[in-house]
Each structure stands twice: as C-alpha cells, then as structure tokens.
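One structure is given below, encoded as structure tokens.
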Amino acid sequence: MSTFRIGIDVGGTFTDIVCVAANGTTTLAKATSTPSDQSEGVVTGLAVLAERLDLGLTELLARTDRIVHGTTVATNALLERKGAKVAMLTTEGHRDVIEMREGLKPERYNLRLPPAPALVPRRLRLPVAERIRPDGTVEVQLDRTSLSSAIAVLKAEKVEAVAICFLHSWRDDAHERAAAEAVRAALPDVFVTTSAEVLPQIKEFERFSTACVNAYVGPIVSRYLARLRGRLADAGYNGSIFVILSHGGVAPVEEAARLATGTALSGPAGGVAAGVALAQRGVGQDLITFDVGGTSTDIALVLEGEAALGRGRTVGGERIALESLDIVTLGAGGGSIGHVGAGGTLRVGPRSAGAVPGPVAYGLGGTEPTVTDANLVLGYLDKDNFLGGAHTLDRDGALAAFARLGDEVGLPAMAAAEGVHRLANVRMADGIRIATVRRGVDPRHLTLLAFGGAAGLHASAVARELGMQRVAVPIFAAGLSAWGMLHTDLRYEMARSELASAGVPEDAVLRTIWAGLEAEGRARVASWFGGKVETRRAADMRYGEQVFEITVPLEAVEWDATGLRGRVTDAFHARHETLFTYALPEEEVVLVNARLAVIGRLPPMQPPEAVAAGIPAAACATRRAQIEGVERELPVFDFTALAAGQEIAGPAIVESDTTTVLLLPGDTARMDGHGWLAMVLPAMIDSVVADGRISAGSRAGRDPPTHRSAATRAPRSSGSPPAGAP
C-alpha cells in the first residue's frame, strides 16, 4: 500500500493541500479557508483530497505517515489584535521598556505619528523586586512578597497568559524560572513564558517584545493545534504532525505550541522552502520567490541555492527577534480590493475580501471589486473552469462592480478593471524591489519563481516592470507552499549571548560554548525523532565600536585545530567585507551571540516522474481577453497536457484546474521536463551571453549571465537547504 505525506498551507482565501505518494505522484486539493477555525477548512480539504485519490478519508489518513502544516493563526492574531489577554512581570523600574521600544519612530519625520500601542497595557505590566547584573551576580534577590502581590493582580484580572521578563536573564534566568514556577502553581490554566526560554540574548526590548508576543499568541496557537490534532485523530490519523516555523524548518506541534511566536511566518516559509528545493532541481540557483495568494504577496530571495535568514522582523507592529526567513509581505493578492483613494485616484489594497465574503465573482456576498474580479472581467480566467469546474464565477456581477468603481473615477468598467490589474502589478513589483534592490541585489539577473493561486496571471507583467528576463511557473503553482513544507527538515535554532570584555574568547572557551549548545540542541531534537542529526554553527559579531552585529557562518572554520580564535576572527573580517566591501583587520572584534542550528534530516521523498516528451499539445480552446487596452482572441493550452520541450508563443493562456498563466505579447514559454513552465521575456530575446557561445534568447529557460560582485549578494543562511526535489 502506498504511504502518503501531506502538506497543508492555510491561506487567507484557500487552504491548499498537497499529497505526495511513495512513488512521487503528487496530488493537489483546495478548500475554502475557515478563518474562525482553520482546522475545519483543513479537514474539508483532506476530504476533497481523499475524493481525488478515490479513497475514503479514514483510509487516506491511515496510509499517511507525516503531515506538515503551515498556519496563519499567530499572524492573524497579531494583525487583527485578537490575541490573549496577556500580562507581564518585569524587573522593578523596567515596566515601560516595551512601550519606549528603542526610542525610534518608524516614520522619523512624521511629527503627527501617534505612539505605537503596547501589546501589554501598562496596568498589566507588573513590577517585581529583583535584580541580576550583566555579569550574573545577584544585586537584589527575588522578593517573594512583591511576586505574590503581582500574582494576586493576575488572578484578579483573569489574564490568559503571562510573560516573565527580568533584566539580564540572558546571563542567569534563575529568577525568571522561580517566578514562572510560582505563577504556574497559582494559575495552572494560564500560559506562562519567560524571556530567557524564548530569546536568551542581550537587548532588553527585543527580548521582552518577543516574549510578550509569545505569550500573546501562545494560548490561541496552542488551542488551535489541540483542535487540529483532535479532528485528525477523530478522522483516523495517528501519525506525526509537524508545523513549519518562520525559519523554514519544521518542528512537532508541541514545540510549535511552546514557541508560538515562531509560527508568525509559518505559511510563507513553505514557499521559500519550495524555492530552495526547486533551485536544487534546476530552476536556477538565484531565484525570487513570488507567492501571490488571496490576501497577500510574499517575496523572498534564494541565492546560490540558499534562502537568506534574518532577525528583528515586525509583524503587526510587534518586534519578533527570532531567526526567520527574510520575507517581504505585501497586502496585494487576488482578494485585494480596488477602491477610490484620497484625491479621487484608483487604489488597490491593502484591504482584502479574504475568504469571507471573497471577491464579487465568488457569489458569497462580496460587493467590492478585487484583483481576481479584474482578472475574470479581462478574460484571463475561465468562469466555467474555476477549481476544475467545481465553482462557476459570476463575471456579470464582477463587471457590474467595476462599472460602479469606474463611475467614481470616470472610467469605463473594462478600463477600471485593467487599472486595478496594472496597479496590483506595480505594487507587487515594488515589493520585489524592497526584497532585492534595497538589499544590494540586481533582480534583472534572477529568475522569478511564480506560484500561489494568482501569481501566473501577474508574473510576466511584474517581471517586465523590473527588467527581469526569466520566469518559472511550476505545474503545481497553486499548492507549491504546501509542497515545499514536505521538502524541509526538522530544525531547532539556538542562540546564547556570550558578550565578554575580551572580544573573541580563547580557543577552549569557544569550544565549550558551542559544545554546550550542541549537547542541549541534540537532546531536544532527539526527543522529536531518532534519525540523523546535523549542526550548523554561526556567530553574531561586530567591531568594538559598532552598535550592530552581523551573522558569520562558521561551517568552513576548522573547529578542532589550534588557532580557532584567529580563524573565527578572520571569518568575521571576510564576512564584513562580503557584505559591506571593506574590513578593518586592525580593529577589535567582539563575539556577541553564539548560534547553532540543529537539523534533523527527515527521509527524502521520491521525485515524481518527468513530464513525458511527445507531440506538442494543441490549444484546447480560445478566449477573448483584453491586454493593454486591446481585445484579442487568445489560444488556451492545458498545462497538464503540455509535452516536455513544447514551446508556446504569447499572447496565450496556459491553465490547469488551479493555476492560470498569462503570456503577454513577445513572451516565449517552454515546458520543462521536470514540471515547470520556463518563460523568456522580450528583453531577453536575441541577447547574447558574454562569452558569445550561445544566444540566451534562442530557447526558453536558458540562463543569462549573472554579473554580481560578492558585495551585492544578500546574506546566506548558516543552515543547509532541505532535502528532496519535486
């Protein structure tokens, strides 16, 4: 009997479920998301998947040995300010750290910008008498009387979660642990987290903020995961359930519930993991992942086959300093609403119709025109073939909505629809500029990997806005994030501040620091599974007079030979020169944080069969569509029927049950034998590779030369790419 692995990606509009069988056969199912309880949409999607496989739901789950889930529960709670009622215990005199933040405004020249609201109201930020100094010595013992008084307030306020954030607990968390034990004993049903267990690093604001976010979303994420496990168990599943975290690795549901803030970028992380896997497969080593869903567009870089990691992300206005993939998220997706903004101008987003009521065309009560409605009105979508014909789209209703919008701005309905489509493209292109140009990367030399339900409709136009030359659209584009979750490994990120007065410690001390991290990390991952475990070392370092650190990968550093301190220092100088084009070898170098990624290698999956070569498929239909103000009769091709090597010239439409790709005039697309449509845009036609050997535009999918100095490359992560390929 086949054994299945299932990836589940809950989006704002649809829940995507991908099933991969033992032989590599991949099946995609979609169901409408259920924002009130995402687990309902998950189970509904699994039932759709079972039907597509001609199985009962119980049989499907009984034959499934792994489920990997990406969830937006924590993200939505932060964005909508619908988290738990949370309180904070902190060192006396430091209750306002999370409100003062770092003394900086997000818009420094906006004199009318109101202060950002604190996640924890001041009356619930309760001082406790205690004090540990930065060197670990106790200045003020934990005062049990003040702690008891604070706990009494917690009881009276009926809080749901408590964040315990004491000064310098990164050095010694004894007081935090003691306070946590007391709170748990007095309030056994309250979610309790400490700053040292969430982020044992210097910088009070980042540590306090991350701990408060963990407390704020922890009860909601825990309850959701418990409901999900219960529903799956009731349906007959008894295998492993993993959740993909913001850093792109997966962890058991118990770990995801403990470190709930680590799920803040859970959903988008799957798409980046897919980008890494496809880079290994041959799409290209340098990619921009372009994930366009119903409510947002998520953009990230994959350079030289690796995804960039970062810290200090802000979600819903709250700082989360955990390691996470460097993802730019825009409020621009298929559900983004077209409306009239200030001055009577046409605007798109960031408001979204979401899953409820959804676009006007869905017929679920939506009245405001969206990007999806525009794509339907313009002829890019087939109203009778939405989700393989499972739903019929209301084109007349969408057209009427654009007629109303057009009346407000003095445009015909079709012109208003085309304006919304173009504005969405511009917003998406601006997001890619943020992810590339602002990081010193030239997007023109990269491949745009387009996926998500709506990306194929916008990819060519967005690439043209940026002067890009190549676009790739996988055949399972609509479910690629869910597919990517199945191609990553268990990952446990660890960090400890090791700030010392001597800059970089001696060899023996360095080895002791990382040996302690490795012992703790391996023990944690060993409790999750019994497979192969690897580690990746890194360090946050800076020059003595700097106020910020950079992350230095240490995998290439010979660890056991003498002279380790010098090699670590040299690695920092080299990394600084790579990022900023200069190094200062005569300056003191300081080690701030020791980092370790512990990776549990999950068994790789069998790749699917290659797309068969054969006679090129003819167009299965034609459809009238408006492009650049001109109506055209476009050939329509069945994505799943294309033969390997088949080429299509634009303008044309390539569609499947869940994906539609729009080729603009001058575009050329070639079906790759491994399952993606490789598009070449006009800017590439007849261009010549630098060495003159081949014409880069002679065939779709050829790689043009990449001219990027080391100084323009985005930081590479210290982790390894996930195993497996499509």
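The values are calculated or read from the model by the stated rules, or taken from the named source; none is laboratory data. Predicted model only: the values in this text are computed from it and were never measured. Note that we place each Cβ from the backbone using ideal geometry, even for glycine, and neighbour counts take in every protein chain shown. Calculation scope for accessible area: heavy atoms of the full protein, side chains included, ligands and nucleic acids excluded. Shrake-Rupley method; radii C 1.70, N 1.55, O 1.52, S 1.80 Å.
Assorted remarks:
- Working from label points 7 Å from Cα in the Cα-to-Cβ sense, the residue 400 to residue 499 distance is 6.4 nm.
- A Förster radius of 41 Å combined with the Cβ-Cβ distance from residue 85 to residue 638 puts the calculated FRET efficiency at roughly 0.20.
- Among beta bridges that DSSP assigns inside the chain, antiparallel share in %, nearest 5: 70
- Counting protein heavy atoms only, the chain has 51 percent of its accessible area on carbon and sulfur, 1.4 angstrom probe.
- ³J(HN,Hα), Karplus 6.51/-1.76/1.60, whole Hz, each residue of the range 181-189, x for Gly, Pro: 4, 5, 5, 5, 5, 7, 10, x, 8
- Taken per residue, the accessible surface of the range 548-607 reaches 46 Å², heavy atoms only and a 1.4 Å probe.
- Amide H contacts of residue 11: 16, each under 5 Å away and 5 or more positions distant or on a separate chain (H built 1.01 Å from N in the peptide plane; Pro and chain starts excluded).
- Karplus-derived 3J(HN,Hα), 6.51/-1.76/1.60, for each residue of the range 85-100, Hz, glycine and proline x: 6, 10, 10, 9, 9, 9, 4, 3, x, 10, 6, 9, 4, 6, 8, 6
- Multiplying the residue separation of residue 345 and residue 234 by 0.36 nm and subtracting their alpha-carbon distance yields 34.8 nm.
- With an a/c value of 1.5 or above and a/b larger than b/c for the gyration tensor axes a ≥ b ≥ c computed over the alpha-carbon atoms, the range 114-256 is described as prolate.
- Relative contact order of the range 341-424, defined on C-alpha pairs under 8 angstrom at six or more residues apart (%): 30
- Accessible surface, per residue, of the range 59-104 when the full set of protein chains is kept, probe 1.4 Å, Å²: 42
- Residue-by-residue Karplus 3J(HN,Hα) for the range 642-647, coefficients 6.51, -1.76, 1.60, Hz, glycine and proline x: 5, 8, 4, x, 5, 10
- Each of 597, 627, 617 was placed along the dipole of the range 587-630 (beta-carbon charges, centred on the mean Cα), and the one lying farthest toward the positive end is 617.
- Stretched out straight at 0.36 nm per residue, the stretch from residue 555 to residue 509 would grow longer than its current Cα-Cα span by 14.8 nm.
- Under DSSP loop assignment and at most 10 Cβ neighbours within 10 Å, longest trypsin sites (Lys or Arg not before Pro)-free interval of the chain: 159-692
- Summing Cβ point charges (Lys, Arg +1; Asp, Glu -1) relative to the Cα centre of the chain gives a dipole of roughly 740 debye.
- Between helix 455-466 and the chain: long-axis angle, C-alpha atoms, 0 to 90°, nearest 10: 80
- Database remark: amide H of residue 674 closer than 5 angstrom to the amide H of 611 (H placed geometrically; neighbours at sequence offset of 5 or more, or on other chains; Pro and chain starts carry no H).
- GluC sites (Glu not before Pro) restricted to DSSP loop in the range 84-142 with at most 16 other C-beta within 10 Å: 92, 102, 107
- Per residue, the accessible area of the range 137-216 comes to 39 Å², computed with a 1.4 Å probe over protein heavy atoms only.
- Selection from 198, 538, 375 lying farthest towards where the dipole of the chain points positive, charges on Cβ: 198
- Dipole magnitude of the range 227-373 about its Cα centre (Cβ charges: Lys, Arg +1; Asp, Glu -1), debye to nearest 20: 360
- Degrees between helix 204-234 axis and first principal axis of the chain (Cα, 0 to 90, nearest 10): 60
- Placed amide H near residue 621: partners under 5 Å, 5+ positions off or other chain: 636
- For the range 181-300: rounded, prolate or oblate by the Cα gyration tensor [a/c cutoff 1.5]: oblate
- Think of the chain as having a plus end and a minus end, set by charges on the Cβ of Lys, Arg, Asp and Glu; of 644, 606, 529, 529 sits farthest toward the positive end of this dipole.
- Counted charge near residue 191, where neighbours are those whose Cβ lies closer than 12 Å (Asp, Glu -1; Lys, Arg +1): +2
- In this view, the solvent-accessible surface of residue 394, computed with a 1.4 Å probe and all protein chains in place, comes to about 70 Å².
- Estimated dipole of the range 69-126 in Debye, rounded to 20 [Cβ of Lys and Arg +1, of Asp and Glu -1, Cα centre]: 200
- The range 447-565: C-alpha gyration tensor shape, a/c 1.5 cut-off, then a/b vs b/c: oblate
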